[in-house]
Amino acid sequence: MSTSTSTSERVVLITGAGSGIGRAMAMAFADTGARVVAADLDSAAVERTAADIGKAAVAVAADISDEASVAAMVETAIDAFGRVDVLCNNAGIMDDMALPANLAIDLWERVLKINLTGTFLVTRAVLPHMLRQGGGVIVNTGSEASLRGGTAGVAYTASKHGVAGLTKSVAWAYAKDGIRCNAILPGPTITGIGRGTSFDEAGSARLAPVLALGDRIAQPEQMASVAVFLASDAASFVNGALVPVDGGWAAG
Ligand SMILES: NC(=O)c1ccc[n+]([C@@H]2O[C@H](COP(=O)([O-])OP(=O)(O)OC[C@H]3O[C@@H](n4cnc5c(N)ncnc54)[C@H](O)[C@@H]3O)[C@@H](O)[C@H]2O)c1
């Protein structure tokens, strides 16, 4: 039985691979010898990720919240490499940290549509290929907000609790088919996620203790290495797990 931490030769589809944690995942998987399908809404960013990896990567512009776009993205992966061994459902957006009474319906729907429905749509499109292949691994990017209520706004928190449920549901449903599904739950990580978001007074107050963490805010590579481990044979009996990667932030 293999207990290797390598994902060499595996075909890894990563959403949100143009920036932050997804880009770091693409680099980390490529470093172990994997072939990478790097997907993102931002086509220029994801082209850069694929170019930085080289021949072992293809870039695809895709919107995970759009069924047709997701189908085309998975088709690109199959055309390029013939299979998908690992799916990293990583793309996601923040809300504006507003309290439940103050959140606009448009933002609620947008966050749920990308973070939760998008994760479901990509999972649903990849599962038939994993079933045909006789197995595969899914690594979802949840959040501390998959477990707790006070780390983010209501839409983001509800969406990431949904990702936790989706993770467990997929793990339970397909364990017998050799498909594992786990989630990393990043703590605060230096990425582009808050860029362009404006926060109200309550949102700013909730962000303050996070920003005060200083050097206890993670680098994206510290998330990516855990995703590689979960995708590898070393984690062959880890299924349905929600793995906090937060430097102890939520442990108290
Ligand atoms: N940064 C943090 O502190 C933190 C903490 C917990 C969880 N996360 C989660 O990590 C994941 C990655 O976020 P990040 O922090 O690297 O942010 P990021 O903004 O740097 O990267 C997210 C990427 O997802 C892409 N994206 C957004 N909507 C998309 C869509 N509809 N279809 C395809 N791609 C889309 C963006 O273009 C961007 O390149 C998200 O799921 C986020 O919720 C981040």
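All of the numbers you see were taken from the coordinates with simple rules; none came from a lab. The structure displayed is predicted, hence computed values, not measured ones. For neighbour counting, all protein chains shown are included, and Cβ atoms are generated from backbone atoms with ideal geometry for every residue, glycine included.
Points worth noting:
- Residue list for the range 1-57, restricted to those being under 19 Å from Thr189 (Cβ atoms) and basic (Lys, Arg): Arg23
- Candidates Thr191, Thr197, Thr167, filtered to the one that is in a helix (DSSP H, G or I) and among the β-branched types (Val, Ile, Thr): Thr167
- The condition (being in a helix (DSSP H, G or I), in contact with a helix residue (DSSP H, G or I) (Cβ under 7 Å, 6 or more places away or on another chain) and β-branched (Val, Ile, Thr)) is satisfied by just one residue among Val84, Val137, Val60, Val74: Val74.
- Complete set of residues in the range 31-52 that are more than 13 Å from the ligand (Cβ to nearest atom) and either in contact with an Asp or Glu (Cβ under 9 Å, 6 or more places away or on another chain) or of a type in the set (Phe, Trp, Tyr) (or both): Gly33, Ala34, Arg35
- Filter result (assigned to a helix (DSSP H, G or I), of a type outside the set (Ser, Thr, Tyr) and over 15 Å from Val122 (Cβ atoms)) within the range 1-45: Gly20, Ile21, Arg23, Ala24, Ala26, Met27, Ala28, Phe29, Ala30, Asp31, Ala44, Ala45
- Residues (within 20 Å of Ala34 (Cα to Cα), touching a Gly at 6+ places or on another chain (Cβ under 7 Å) and within 10 Å of the ligand (Cβ to nearest atom)) located in the range 89-141: Asn90, Ala91, Thr141
- Output for the range 205-246, where each listed residue is farther than 29 Å from Trp172 by Cβ, touching a residue at least 40 places away in the same chain (Cβ under 8 Å) and away from the ligand (no atom under 12 Å from the Cβ): Arg206
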